[in-house]
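Have a look at the structure below, then the notes.
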Ligand SMILES: [Zn+2]
């Protein structure tokens, strides 16, 4: 399906690459993009070569009478040596090549340069938890995803997760239960000799969401009150204070109940045996069973569950259909856009949303509406001011029409948006 480059052509291309850079900004930018595609194509070619190395080395070992289960020995190490990567990385790329053999359409996307090696790995990992026929269905569905090239790694991961969930939720839950057993904390100094270090915790995402929300709320409050520290610094200080019971937090922080945003269909929420995955805002799809477990825990613990109906009857749907006169997005509208977009809308990005902004600028006549609103991460919001807007595709997840709902309780523990039109695993 793709006109894959041969290594000969790539070698020929290597000559102009070392030459001087000239041309206008547009030409230079075009070359930047073309080279990125070429990099991915080269990686895909390396995956095919690794498969050949594997085949030839096994043949040779077989001829020498090596037992079948030991014939693949040394393949990853040889590939690693030639690619000048670590043996551990070599094992990863050889495993990827083998997994991609079972995902021919995904392999084609990789060979066309639409996926990077890392992105192909992320997709193959999701497929790996599925059984044979489901894996083939996964390959077809993933390859049918529109605009993969523009999606960025996190959105690609979410897409692959949603497809895997749609095909075999049990397999995803089994993996999750197994993964939870691996939870741990590590502490590691930086390699800069600057007296700093990393605290890393591997935790279930709902706990991460709660921790992040708690720290972000504390930081926003402190920054709003004019603390003499950056938002990131206050988040770090708050973490230390919360863990040690002491610590230099800039201002008195009231303990904040946590907010977790979940989006799921009405059927998935209300019908016992409905299996459609839910979306944990900013983190991606999670199994329906897990979403229900989260809701049950919240109900039992705190009775602070807010249920918001998204996108309902147009006659009362003021929240999203109204033309706001304000330049800033009203809170409810901003929350709606945040739930709809999930991750930064910029093509290729997928970082956590920090700002809700106008697609078409307020100053050029853009309105404060759902259609003209988009979630952007801090960096992209800033970049938009500098290099201008890169038009993003409308998010494929939700179909906004209108919204009604009770007023938002002041400090919800769990926000569940549900919508009959939500389509997750296409
Ligand atoms: Zn972004």
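Points worth noting:
- Test: residue in the stretch 349-367 that is in contact with a strand residue (DSSP E or B) (Cβ under 6 Å, 6 or more places away or on another chain), touching a residue at least 40 places away in the same chain (Cβ under 8 Å) and within 10 Å of the ligand (Cβ to nearest atom): yes
- Residue in the stretch 308-317 that is within 14 Å of the ligand (Cβ to nearest atom) and either outside the structural domain of residue 169 (by TED's automatic domain parsing) or at pLDDT 65 or above (or both) present: no
- Candidates are the residues of the stretch 371-406 that are assigned to a loop (DSSP other than H, G, I, E, B) and modelled with pLDDT of 75 or more; the one that is nearest to the ligand (Cβ to nearest atom) is 377.
The values are calculated or read from the model by the stated rules, or taken from the named source; none is laboratory data. Bear in mind that the values here come from a model prediction, so they are computed numbers and not experimental data. Cβ sites come from the backbone with ideal geometry, for glycine too, and all protein chains shown count toward neighbours.
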